[in-house]
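Reading through the structure tokens given below for one structure.
Throughout, read-outs are computed from the coordinates displayed, never taken from laboratory work. This structure is a prediction, so every number in the text was calculated from the model and none was measured. Reconstructed Cβ throughout: ideal geometry from the backbone, glycine too, with neighbour counts over all protein chains shown.
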Amino acid sequence: MGTMVMVLLSFSFCIFSARVDGNDQPSAYEVLKSYNLPIGVLPKGALGYTLDRNSGQFAVNLSSNCNVHVSEFDIKYNSPITGVISHNNLGRIGGVKVKIALFWTDIENVNRNRNQLRFKIRKVGTKSFPFSDFNSCPNC
Ligand SMILES: *[C@@H]1O[C@H](CO)[C@@H](O)[C@H](O)[C@H]1NC(C)=O
């Protein structure tokens with residue numbers, strides 16, 4: 001019971017922490033969920049964004065650039081994060097890099113296939129992870 005409450009609280013945190021400007025635009029995290037994507041593909045600190053609902057083109061501002069460590073990977077988010085969103089997919093991503101061996105390369109695409117999340121990494125290929133690994137937003 002206590003664990004459940006903690007999970008819900010931490011889950012809510014990154015959703016509602018985005019509503020700092022007090023307008024009625026859904027948060028960037030809520031937008032991700034509406035496209036069936038996990039909130040954990042963005043770190044905490046997403047602020048304003050633009051989204052063209054027709055083309056899916058988006059740009060998200062972060063409160064600061066951000067380095068996170070997720071499972072065995074170092075990931076760098078450079079604001080703004082850009083791309084094209086559609087159901088189960090983030091394409092043409094800009095502003096997100098991952099360190100593979102000793103070099104940094106771009107995460108180009110994130111695709112959901114049921115309970116797997118597939119990352120297309122430039123010059124490396126595709127890596128899949130369980131969807132549940134991305135249920136919370138990484139801390140910068
Ligand atoms: C994002 O940040 C840039 C640079 O600070 C600013 O010009 C732009 O208006 C911001 N966009 C949104 C949607 O908040």
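Placing unit charges on the Cβ atoms of the charged side chains and taking the dipole of segment 41-140 about its Cα centre, the candidate lying farthest along the positive direction among 111, 73, 60 is 111. Karplus-derived 3J(HN,Hα) values for segment 85-99, using 6.51 cos²θ - 1.76 cosθ + 1.60 with θ = phi - 60°, are 9, 8, 3, 6, 8, 10, x, 6, 6, x, x, 10, 10, 10, 8 Hz; glycine and proline are entered as x. The alpha-carbon of residue 44 sits under 16 angstrom from the alpha-carbons of these lysines, leaving out residues fewer than 8 places away in its chain: 33, 76. Residues with beta-carbon under 14 Å from that of residue 34, excluding residue 34: net charge, scoring Lys, Arg +1 and Asp, Glu -1? For residues surrounding residue 34, the net value is +2.
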